[in-house]
Amino acid sequence: LLTGLGYLILGNLFNGIGETRTTMSMTLITVICFLPTAPLMTHIQHAEGLIIALIASSLVGVIYGLHKAWKKYRLKIDVRSESRIYIAAALASPPTLAIASTSNLPALINMAIGGFLYLFVYLTAAALIGAVQEQDVANLSQILNRIRIVGFMAKPILSYEAQLLKLRNRLLSPKRRMGS
């Protein structure tokens, strides 16, 4: 949930530019928010409460990191791109939840089917709404092909994305929009 806000990037960014104090401050803020809320939320909502406390405290740390990144370096989130990613994720959730909640299959099989369904719908939506671009696919292909087994496994997915992007581009081409 927080990746689009920089959760996985901010610590690496600050560490990479020598701002380790900022990374430590983000972590401390997260821990200070988590420690009092985790027991309370766990008591009220059980496991779900613990998850909520973890996400909420992480969000506070991320917001602090975003504030520092903007204040010191004028870095900000590309809201347009991130919103497309979140929309693709939101579109992939309902069919996955519908299958997961109505299936009588064993849990492991249900999880595998749900995971593949989510991945399929997410990848399809991401390409069709423009969350993924042709250059993204080319970059990923170049990087992942350096690791044979990963490249082999990623090839069908990247090929699927490339085909969807071609379809999207044809549908959005100026000639199609003008009715030609």
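Residue-level check: of (1) in contact (Cβ under 8 Å) with a residue 24 or more places away in the chain; (2) crowded, with 17+ Cβ neighbours inside 10 Å; (3) in a helix (DSSP H, G or I), Tyr7 misses just (3). The residue pairs whose first member lies in region 46-68 and is under 13 Å from Leu28 (Cα atoms), whose second member is small (Gly, Ala, Ser) and not in a helix (DSSP H, G or I), and whose beta carbons are closer than 8 Å, counting only pairs six or more residues apart or on different chains, are Val62/Gly6; Gly65/Gly6.
If you go through region 37-47 one residue at a time, do you hit one that is out of contact with any Gly (no Cβ under 6 Å at 6 or more places or on another chain), open to solvent by 90 Å² or more (accessible area, probe 1.4 Å), within 30 Å of Ile129 (Cβ to Cβ) and at pLDDT 95 or above?
No - not one qualifying residue is present in region 37-47.
Candidates are the residues of region 139-161 that are among the small types (Gly, Ala, Ser) and either in contact with a Leu (Cβ under 9 Å, 6 or more places away or on another chain) or surrounded by 16 or more Cβ atoms within 10 Å (Cβ to Cβ) (or both); the one that is farthest from Leu123 (Cα to Cα) is Gly151.
Among the residues of region 14-22, is any assigned to a helix (DSSP H, G or I), under 30 Å from Gln133 (Cα atoms) and of a type outside the set (S, T, N, Q)? Among the residues of region 14-22, at least one is assigned to a helix (DSSP H, G or I), under 30 Å from Gln133 (Cα atoms) and of a type outside the set (S, T, N, Q), which makes the answer yes. Tell me which residues, restricted to region 74-94, are out of contact with any Phe, Trp or Tyr (no Cβ under 8 Å at 6 or more places or on another chain), open to solvent by less than 90 Å² (accessible area, probe 1.4 Å) and in a helix (DSSP H, G or I). Once the filter is applied, which keeps residues that are out of contact with any Phe, Trp or Tyr (no Cβ under 8 Å at 6 or more places or on another chain), open to solvent by less than 90 Å² (accessible area, probe 1.4 Å) and in a helix (DSSP H, G or I), region 74-94 yields Ser81, Glu82, Ser83, Arg84, Ile85, Tyr86, Ile87, Ala90, Pro94.
The values are calculated or read from the model by the stated rules, or taken from the named source; none is laboratory data. Treat the numbers as computed from the prediction; the structure is a model and nothing was measured. When we count neighbours, we look across all protein chains shown, and the Cβ atoms used for this are built from the backbone with ideal geometry, even at glycine. Heavy atoms of the whole protein, side chains included, go into the accessibility calculation; ligands, DNA and RNA do not. Shrake-Rupley method; radii C 1.70, N 1.55, O 1.52, S 1.80 Å.
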